[in-house]
Amino acid sequence: MKITKFTHACVRIEHDGRVLVIDPGTWSEARALVGADAVLVTHEHADHIDVLRLAGLGVPVFAPRDARLPDLAPLPVTRVAAGERLTAAGFAVTAVGGRHAVIHDGEPDCVNLGYLVDDAVYHPGDSLHLPGRPVDTLLVPAQASWLKMTEAIDFAQAVESRRVFPIHDAQLNDRGLESVNGWLGETLGDRYRYLAPGETA
């Protein structure tokens, strides 16, 4: 399974000619979607979904059942709830979680699903909901309005995974990225590796 990180929270997963893209938002590169067979969306925020780009793509899109998304017609959107298992681009996907992490005073209060792909790769979206099982690869949010560094570290340590790659990092400048990579690398050791946008593991 090949994983390519794109800007912010967008990740492309490829295996045996099949391509699954998670969270291609307005900040991510359009090329992340070239040849995509299906798309998973964790929640409704624009940094995780580019509605116009997906409307013209013509592939299946899976999104949380209660997400408030603009009309994507004629593109069908399959609505998903936590606990559901589905097949997307030939990958077995389990939806977990429920709500977006809180920034302040209960906001934002929107649905957020994490996706466990082939019981191997876990993308939590904008939450720190545990996948409920060991995984090969964890995609850990590195920076957000709703996140403290200690929470990201605790989350990554709580998830039993062989590898940890950061996502949700587009608001970090070079100094901030160096600091975040330093903390995650020091606390997670050889499990942790930073992937620059477009880099593949």
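The values are calculated or read from the model by the stated rules, or taken from the named source; none is laboratory data. Predicted model, so just to flag it, every value in this text is computed and none were measured. Quick reminder, even Gly has a Cβ in these numbers, built from the backbone with ideal geometry, and neighbours come from all protein chains shown.
Could you list, in sequence order, all residues of region 32-61 that are among the charged types (D, E, K, R) and either in contact (Cβ under 8 Å) with a residue 40 or more places away in the chain or in a strand (DSSP E or B) (or both)?
D37, E44, D47
Give the residues of region 11-27 that are free of Cβ contacts under 8 Å to residues at least 24 places away in the same chain and under 14 Å from I167 (Cβ atoms), sorted by residue number.
Once the filter is applied, which keeps residues that are free of Cβ contacts under 8 Å to residues at least 24 places away in the same chain and under 14 Å from I167 (Cβ atoms), region 11-27 yields only V21.
Can you find, within region 1-17, the residue that is modelled with the lowest pLDDT among those that are touching a strand residue (DSSP E or B) at 6+ places or on another chain (Cβ under 6 Å) and in a loop (DSSP other than H, G, I, E, B)?
M1
For G182, state whether it is on the phi > 0 side of the Ramachandran plot and over 18 Å from the mean Cα position of the chain (by Cα).
no
Just to be sure before I move on: is V140 surrounded by fewer than 21 Cβ atoms within 10 Å (Cβ to Cβ), hydrophobic (A, V, I, L, M, F, W, C), under 22 Å from F6 (Cβ atoms) and touching a Leu at 6+ places or on another chain (Cβ under 9 Å) in the structure I sent?
No, not satisfied.
Among the residues of region 38-57, is there at least one that is buried (at least 16 other Cβ atoms within 10 Å of the Cβ), among the polar types (S, T, N, Q) and closer than 21 Å to D109 by Cα?
Looking for residues that are buried (at least 16 other Cβ atoms within 10 Å of the Cβ), among the polar types (S, T, N, Q) and closer than 21 Å to D109 by Cα, one finds at least one in region 38-57, hence yes.
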